[in-house]
Amino acid sequence: MPMPGGRILIGIEDGKSFPPPGQVIPPTLPENVRKRISELTVNVIISLAVCTSENGGQYLEVHIPRSHAPASTTDGRYYMRISDDCKPLVGSDIQRLLDERSAQPWETLTTLGVPVERVDPAKLAAFSSGIRASDRVKPSVKEKDDRELLTHYMLAVNGLLTNLGILCVGGQQDRAMLGTGPVIQFLKGGDPPQYPAHNGTP
């Protein structure tokens, strides 16, 4: 599975939206960060930009693009980011990571060959009713029939349930055949994070 990318903003304190007014990033810092990351990691590609916020303070933005290769430290350790913590991966976690190295996301694979007709009717009904009752779903999506909803949300492809479809609306026996499943993270409550605007040049 492709590894998700993200951003690291160096020079902005935790809980703050902007750097200190007038803060200046040393000219040597971007190259030092680039060099240090390359020394400590494998399969990590970054781009750096010195950005200026609206209060005049500078910060360094480290952008990590989405990657199809698992990233590790140079001594062979793997970590998972959970909120503000980094959790080391061990045992089955590492096996799951290796299983998901395919360029095609695990969720969309149809390798088990489970036909759409093998859905659990109760789970499909609950899924469909939840979609149609949501105020976050476009009316054009709510008008789709159940099978069209499965395709729209990548739960089915070409008449076969994807791994995600098996997980969400599949029967118990087919779910047991999945072997490994995704690790799902979610943020509960609160407003979405606000990132400062900048006029830096990558």
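The values are calculated or read from the model by the stated rules, or taken from the named source; none is laboratory data. Because the structure is predicted, anything quoted here is derived from the model rather than measured. Positions of Cβ are backbone-derived with ideal geometry, glycine not excepted, and every protein chain shown enters the neighbour counts. Surface accessibility is based on the protein's heavy atoms, side chains included, excluding ligands, DNA and RNA. Shrake-Rupley method; radii C 1.70, N 1.55, O 1.52, S 1.80 Å.
Taking the stretch 79-119 on its own, how many of its residues are in contact with an Asp or Glu (Cβ under 9 Å, 6 or more places away or on another chain), modelled with pLDDT of 80 or more and either in a loop (DSSP other than H, G, I, E, B) or among the β-branched types (Val, Ile, Thr) (or both)?
Filtering the stretch 79-119 down to residues in contact with an Asp or Glu (Cβ under 9 Å, 6 or more places away or on another chain) leaves 80, 84, 87, 106, 112, 114, 118-119.
Imposing the further condition that a residue be modelled with pLDDT of 80 or more reduces the set to 87, 112, 114, 118-119.
If we keep only those that are either in a loop (DSSP other than H, G, I, E, B) or among the β-branched types (Val, Ile, Thr) (or both) as well, we get 112, 114, 119.
Residues flagged as in contact with an Asp or Glu (Cβ under 9 Å, 6 or more places away or on another chain), modelled with pLDDT of 80 or more and either in a loop (DSSP other than H, G, I, E, B) or among the β-branched types (Val, Ile, Thr) (or both) within the stretch 79-119 amount to 3.
For the stretch 126-142, enumerate the residues that are in contact with a helix residue (DSSP H, G or I) (Cβ under 9 Å, 6 or more places away or on another chain) and either surrounded by 13 or more Cβ atoms within 10 Å (Cβ to Cβ) or not small (Gly, Ala, Ser) (or both).
Those that are in contact with a helix residue (DSSP H, G or I) (Cβ under 9 Å, 6 or more places away or on another chain) and either surrounded by 13 or more Cβ atoms within 10 Å (Cβ to Cβ) or not small (Gly, Ala, Ser) (or both): Ala126, Phe127, Ser128, Ile131, Arg132, Val137, Val141, Lys142.
Quickly run through the stretch 24-62 and pick out the residues that are in a loop (DSSP other than H, G, I, E, B), open to solvent by 60 Å² or more (accessible area, probe 1.4 Å) and at pLDDT below 90.
If the condition is that a residue be in a loop (DSSP other than H, G, I, E, B), open to solvent by 60 Å² or more (accessible area, probe 1.4 Å) and at pLDDT below 90, then Asn43, Ile45 are the ones that fit.
Scan the stretch 148-161 residue by residue and report those that are farther than 22 Å from Met177 by Cα and either at pLDDT below 90 or surrounded by fewer than 16 Cβ atoms within 10 Å (Cβ to Cβ) (or both). Show your work before the answer.
The first filter runs over the stretch 148-161 and keeps only residues farther than 22 Å from Met177 by Cα, leaving 148-149, 152.
Within the stretch 148-161, Glu148, His152 meet the criteria.
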